[in-house]
Amino acid sequence: MAPSSFPTIRPRRLRYNPIVRGLVRETTLTVDDLILPLFVCPGQGVKKEIASMPGNFQLSVDRLLDEVGSAVDLGIRSFIFFGIPTHKDASGSSAWADDGIIQQALRALRTAFQDQVLLITDECFCEYTDHGHCGILTDHNGRLDVDNDLTLPNLAKQCVSHVRAGADLVAPSGMMDGMVRAIRQGLDEAGFPRLPIMSYAAKYASGFYGPFRDAAESPPSFGDRSSYQMDPANSDEALREVALDLAEGADIIMVKPAMAYGDIIRRVKDRFEVPVAAYNVSGEFAMVKAAAAKGWIDERRVALEILTGIKRAGADMILTYFAKDAARWLK
Ligand code: PBG
């Protein structure tokens, strides 16, 4: 018997041939994994590029139809919508108005695309309140803060209104305690027990949302969101949040942001074995675009590496502003 040469185990044996590399590849990214976020604004013929998010726009309903159409042509089927309303007030009441901006968009999209598309709605009030916080404010010992329990019925109203207008799936993002239960009850009572909820269960108070707040015109007018969104330093707490939302009836769990939170995605996946979404947020997108514009990184390679990394961490689906680019690259 010939003496075996050292090293006996050579991991590189599986790396020489690209076809072998394909056979042993553990993670596959496809267009079916991607959800494209879009921003809807009032008016006609409006397509206003968001400076910090190249290739993303504030779109009036007519232009939104074109944008969804071009994404559908690339194979994208899932969309999440954010509204920029004409009218803002203290409670964010235009969020549940029958003729609200998202409601108008949903009706137009449903008519134009029928069942070709999945229409997801972000359920929150920061875009609709005049103070930019994610719910109703009340005075807590001299300090204004979002009132958790007063905000819950409004969330249920917003969701029911969106579903009546054509939403297929609702995604509450305000990090209110009990929001999933309130929404589940509201939907069930309104006759929508089959409508799934994707909960932004582990949403962190993050600096990576900066460009989004320009896009959605939703920055808080004072203070920050640390009294409702999670501390980036915490991980066990994310598991408690997820456990609560699942007990309240969440069907899909979201972790947000994604890139600096791969460990959270993995812990949630391992612990709960439920469908997990990850939100590759605006700041994560903007950093790649900015570095690529300077010629410092290869945009396509880096973006696909990030999206693959998010899937490898345990995400089943990714909300990403790269959805259209990725769909083209993956073709
Ligand atoms: C809240 C909401 C935010 C994002 C999605 N939903 C902003 C926030 O919490 O301040 C951020 C998404 C992104 O940065 O891409 N309605």
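The values are calculated or read from the model by the stated rules, or taken from the named source; none is laboratory data. Keep in mind that this is a model prediction, so the values were computed, not measured. We place every Cβ from the backbone using ideal geometry, glycine too, and count neighbours over all the protein chains shown. SASA here: full protein model, heavy atoms, side chains in, ligands and nucleic acids out. Shrake-Rupley method; radii C 1.70, N 1.55, O 1.52, S 1.80 Å.
Counting only residues that are in contact with a Lys or Arg (Cβ under 6 Å, 6 or more places away or on another chain) and not in a strand (DSSP E or B), which one in the range 240-256 is surrounded by the fewest Cβ atoms within 10 Å (Cβ to Cβ)?
For the range 240-256, the residue satisfying everything is Gly249.
Out of Ser199, Ser218, Ser226, which single residue is open to solvent by 10 Å² or more (accessible area, probe 1.4 Å), out of contact with any Ser or Thr (no Cβ under 7 Å at 6 or more places or on another chain) and not in a helix (DSSP H, G or I)?
The match here is Ser226.
Please state which of the following conditions Asp99 fails to meet, knowing it meets all the rest: (1) outside any helix (DSSP H, G or I); (2) more than 20 Å from the chain's Cα centre (by Cα); (3) within 16 Å of the ligand (Cβ to nearest atom).
(3)
Could you grab the pairs with beta carbons closer than 6 Å, sequence gap of 6+ or different chains, first residue in the range 40-52 and touching a residue at least 60 places away in the same chain (Cβ under 8 Å), second one in a loop (DSSP other than H, G, I, E, B) and not aromatic (Phe, Trp, Tyr)?
Partner pairs satisfying both residue conditions: Cys41/Ser60; Cys41/Ile84; Ile50/Asn56.
Of the residues in the range 127-164, how many are charged (D, E, K, R), touching a helix residue (DSSP H, G or I) at 6+ places or on another chain (Cβ under 7 Å) and open to solvent by 20 Å² or more (accessible area, probe 1.4 Å)?
Summing the residues that are charged (D, E, K, R), touching a helix residue (DSSP H, G or I) at 6+ places or on another chain (Cβ under 7 Å) and open to solvent by 20 Å² or more (accessible area, probe 1.4 Å) in the range 127-164 gives 1.
Inside the range 310-331, can you point out the residues that are acidic (Asp, Glu) and either closer than 19 Å to Asp298 by Cβ or crowded, with 22+ Cβ neighbours inside 10 Å (or both)?
Of everything in the range 310-331, just one residue is acidic (Asp, Glu) and either closer than 19 Å to Asp298 by Cβ or crowded, with 22+ Cβ neighbours inside 10 Å (or both), namely Asp325.
Only one of Ala278, Ala286, Ala260 is within 16 Å of the ligand (Cβ to nearest atom), touching a residue at least 40 places away in the same chain (Cβ under 8 Å), open to solvent by less than 70 Å² (accessible area, probe 1.4 Å) and not in a helix (DSSP H, G or I); which?
After applying the criteria, what remains is Ala278.
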